[in-house]
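S.K.: Below you will find the structure I want to go over with you.
Just so you know, all these numbers are worked out from the coordinates, no wet-lab data involved. What you are looking at is a predicted structure, and each value in this text was computed from that prediction instead of being measured. FYI the Cβ positions are ideal-geometry reconstructions off the backbone, even for glycines, and counts take in every protein chain you see.
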Amino acid sequence: MDIWTIRRDDGFFVTNDPARLDFDFIHAGLTSSYWSPGISREKVEKAARHSVAIGLYDFNCFQIGYCRVVTDHTHFAYLADVWVDPQRRGGGLGTFLVDSVVNQPEWHHLRRFLLFTADAHGLYARFGFGALEKPERAMVRLGSA
Ligand SMILES: CC(C)(COP(=O)(O)OP(=O)(O)OC[C@H]1O[C@@H](n2cnc3c(N)ncnc32)[C@H](O)[C@@H]1OP(=O)(O)O)[C@@H](O)C(=O)NCCC(=O)NCCS
């Protein structure tokens, strides 16, 4: 896997470098999220291992945000677990994280980038995400978790 890093002038950066991931931070966030309350650390780490896990870091290299992309790198990608430290929200960091991820050159040619969100539609709309163009063609099989 190619490691990439997008760095801002203030030293904050986004990277897919797995060596930088702080699973104390990631698990604390995701286990308190509305979509995976109480999720175990084991599941968080397993999902990250099988995804392209991406971190957002401050200028001291402390992790302050996370997301992951499930993809075949050819046709399809699914953006999940987008999370920014609550203390740091509202300052453009979520935008920086999503921008860095969806504009990765390796994913430009994908046919579809999919995500689910309860209330952050505005954040994603600025990067071209919208409602399913033909929802009658989409189906989902719900699992037990
Ligand atoms: C969503 C999240 C990643 C945004 O991070 P952030 O650092 O606050 O994002 P930004 O400061 O770049 O804000 C981006 C824009 O999205 C909007 N926005 C952010 N979160 C929003 C939410 N939950 N509902 C509606 N709008 C939201 C902001 O108002 C802002 O709009 P503006 O630029 O016009 O003011 C962060 O709020 C978060 O971690 N939330 C909890 C987890 C979550 O809901 N993740 C998304 C699941 S798909």
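S.K.: Does Thr117 fit the bill of being without any contact (Cβ under 8 Å) to a residue 60 or more places away in the chain, surrounded by 13 or more Cβ atoms within 10 Å (Cβ to Cβ) and farther than 27 Å from Ile3 by Cβ?
M.R.: Working: without any contact (Cβ under 8 Å) to a residue 60 or more places away in the chain: yes; surrounded by 13 or more Cβ atoms within 10 Å (Cβ to Cβ): yes; farther than 27 Å from Ile3 by Cβ: yes.
Here the answer is yes, as Thr117 does meet what is asked.
Every residue, every condition in (1) more than 13 Å from the ligand (Cβ to nearest atom); (2) on the phi > 0 side of the Ramachandran plot, yes or no:
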| residue | (1), (2) |
| --- | --- |
| Val44 | yes, no |
| Cys61 | yes, yes |
| Tyr66 | no, no |
| His75 | yes, no |
| Trp83 | no, no |
| Gly90 | no, yes |
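S.K.: Among the residues of the range 86-105, what is the count of those that are within 20 Å of Thr74 (Cα to Cα), surrounded by fewer than 14 Cβ atoms within 10 Å (Cβ to Cβ) and in contact with a strand residue (DSSP E or B) (Cβ under 9 Å, 6 or more places away or on another chain)?
M.R.: Residues of the range 86-105 that are within 20 Å of Thr74 (Cα to Cα), as a first pass: 98-105.
Those left that are additionally surrounded by fewer than 14 Cβ atoms within 10 Å (Cβ to Cβ): 103, 105.
Remaining after also requiring in contact with a strand residue (DSSP E or B) (Cβ under 9 Å, 6 or more places away or on another chain): 103.
Of the residues in the range 86-105, 1 are within 20 Å of Thr74 (Cα to Cα), surrounded by fewer than 14 Cβ atoms within 10 Å (Cβ to Cβ) and in contact with a strand residue (DSSP E or B) (Cβ under 9 Å, 6 or more places away or on another chain).
S.K.: Sort out which residues of the range 1-48 are loosely packed, with under 11 Cβ neighbours inside 10 Å and either touching a helix residue (DSSP H, G or I) at 6+ places or on another chain (Cβ under 6 Å) or free of Cβ contacts under 8 Å to residues at least 24 places away in the same chain (or both), and write them in order of number. It would help to see each step written out before you state the result.
M.R.: Within the range 1-48, the subset loosely packed, with under 11 Cβ neighbours inside 10 Å is 1-3, 9-10, 19, 24, 34, 37-38, 42.
Matches in the range 1-48: Ile3, Asp9, Ala19, Asp24, Pro37, Gly38, Glu42.
S.K.: Here's another thing I want to ask about it. So which residues in the range 122-131 are in contact with a strand residue (DSSP E or B) (Cβ under 9 Å, 6 or more places away or on another chain) and surrounded by 10 or more Cβ atoms within 10 Å (Cβ to Cβ), if there are any at all?
M.R.: Of all residues in the range 122-131, those in contact with a strand residue (DSSP E or B) (Cβ under 9 Å, 6 or more places away or on another chain) come to 123-124, 127-129.
Leu123, Tyr124, Phe127, Phe129 - these are the residues of the range 122-131 that are in contact with a strand residue (DSSP E or B) (Cβ under 9 Å, 6 or more places away or on another chain) and surrounded by 10 or more Cβ atoms within 10 Å (Cβ to Cβ).
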